[in-house]
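A.B. asks: Below is one structure. I have some questions about it.
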């Protein structure tokens with residue numbers, strides 16, 4: 001069975017909703033919610049071992065605060081498993097590895113939000129907000145003002161989470177979930193609040209991985 005390992009339920013719903021909006025149907029893989037990045041990294045070696053070269057494994061994890069450290073931890077796992085030609089830095093378009101000896105499964109790695117910047121799934125959603133949106137700057141300023149005054153109750157590493165959930169709280173239906181935001185339309189205009197075209201690179205990586 002082909003599988004896509006993700007950190008949490010939000011990641012799973014975002015991917016499912018994004019594919020639904022794109023009218024893309026994948027019936028050859030299962031999205032597995034691993035609950036956190038540490039569990040993904042812990043089960044990766046065993047998952048690779050149990051699979052054959054005919055199988056496919058996708059891994060989506062947050063880059064978090066240090067993308068270099070996150071990539072290094074993944075590289076160590078891949079090297080120990082026997083993969084060659086692992087790039088020194090993650091491919092900007094999403095990393096794909098095939099075993100030339102035909103012994104290991106095809107594997108793909110995507111570091112949220114875009115394989116180049118620190119961040120997480122909330123930053124991926126933030127990139128999909130149309131550039132002309134006038135609420136996002138307000139949400140950003142409010143969160144940054146809280147941080148500057150040391151009034152934030154969240155840790156600073158969760159700044160992007162605070163921004164995107166503040167932005168979502170100000171929508172026509174306040175507090176919609178990350179996944180639902182992908183397909184949500186403003187009732188008056190019937191326009192989507194997120195621009196799925198900005199996710200094209202991620203979608204193409206998924207299609208290439210599981211085709």
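A.B. asks: Could you tell me whether residue 35 is at pLDDT below 95, under 23 Å from residue 164 (Cβ atoms), out of contact with any helix residue (DSSP H, G or I) (no Cβ under 6 Å at 6 or more places or on another chain) and loosely packed, with under 13 Cβ neighbours inside 10 Å?
C.D. replies: Considered against the rule, which asks whether it is at pLDDT below 95, under 23 Å from residue 164 (Cβ atoms), out of contact with any helix residue (DSSP H, G or I) (no Cβ under 6 Å at 6 or more places or on another chain) and loosely packed, with under 13 Cβ neighbours inside 10 Å, residue 35 comes out as yes.
A.B. asks: A follow-up question, please. Mind checking which helices (runs of 4 or more DSSP H) fall wholly inside region 104-211 and carry at least 2 residues that are free of Cβ contacts under 8 Å to residues at least 60 places away in the same chain?
C.D. replies: By residue number, 121-127, 136-148, 159-169.
A.B. asks: A follow-up question, please. Quick one: which of 56, 14 is modelled with pLDDT of 95 or more, farther than 18 Å from residue 112 by Cβ and in the same structural domain as residue 96 (by TED's automatic domain parsing)?
C.D. replies: Exactly one of 56, 14 is modelled with pLDDT of 95 or more, farther than 18 Å from residue 112 by Cβ and in the same structural domain as residue 96 (by TED's automatic domain parsing), namely 56.
A.B. asks: What are the residues in region 38-57 that are in a helix (DSSP H, G or I), touching a helix residue (DSSP H, G or I) at 6+ places or on another chain (Cβ under 7 Å) and closer than 19 Å to residue 210 by Cβ, if any?
C.D. replies: 44, 48
Rundown of residues vs (1) modelled with pLDDT of 95 or more; (2) assigned by TED's automatic domain parsing to the domain that holds residue 168; (3) surrounded by 21 or more Cβ atoms within 10 Å (Cβ to Cβ); (4) more than 23 Å from residue 62 (Cβ to Cβ), yes/no style:
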position: 91; (1), (2), (3), (4): yes, no, no, no
position: 94; (1), (2), (3), (4): yes, no, yes, no
position: 99; (1), (2), (3), (4): no, no, no, yes
position: 109; (1), (2), (3), (4): yes, no, yes, no
position: 127; (1), (2), (3), (4): yes, yes, no, no
position: 131; (1), (2), (3), (4): no, yes, no, yes
position: 138; (1), (2), (3), (4): yes, yes, no, yes
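A.B. asks: In region 61-103, which residues are without any contact (Cβ under 8 Å) to a residue 24 or more places away in the chain and closer than 17 Å to residue 40 by Cα?
C.D. replies: 69, 72, 75, 76, 79, 95 - these are the residues of region 61-103 that are without any contact (Cβ under 8 Å) to a residue 24 or more places away in the chain and closer than 17 Å to residue 40 by Cα.
A.B. asks: Please verify whether residue 81 is surrounded by 16 or more Cβ atoms within 10 Å (Cβ to Cβ) and touching a helix residue (DSSP H, G or I) at 6+ places or on another chain (Cβ under 9 Å), treating the condition exactly as stated.
C.D. replies: Taking the combined requirement at face value, the residue satisfies it.
The values are calculated or read from the model by the stated rules, or taken from the named source; none is laboratory data. Note that the structure is a prediction, hence the values are computed from the model and not measured. Here the Cβ is made from the backbone with ideal geometry for all residues, glycine too, and neighbour counts use every protein chain on show.
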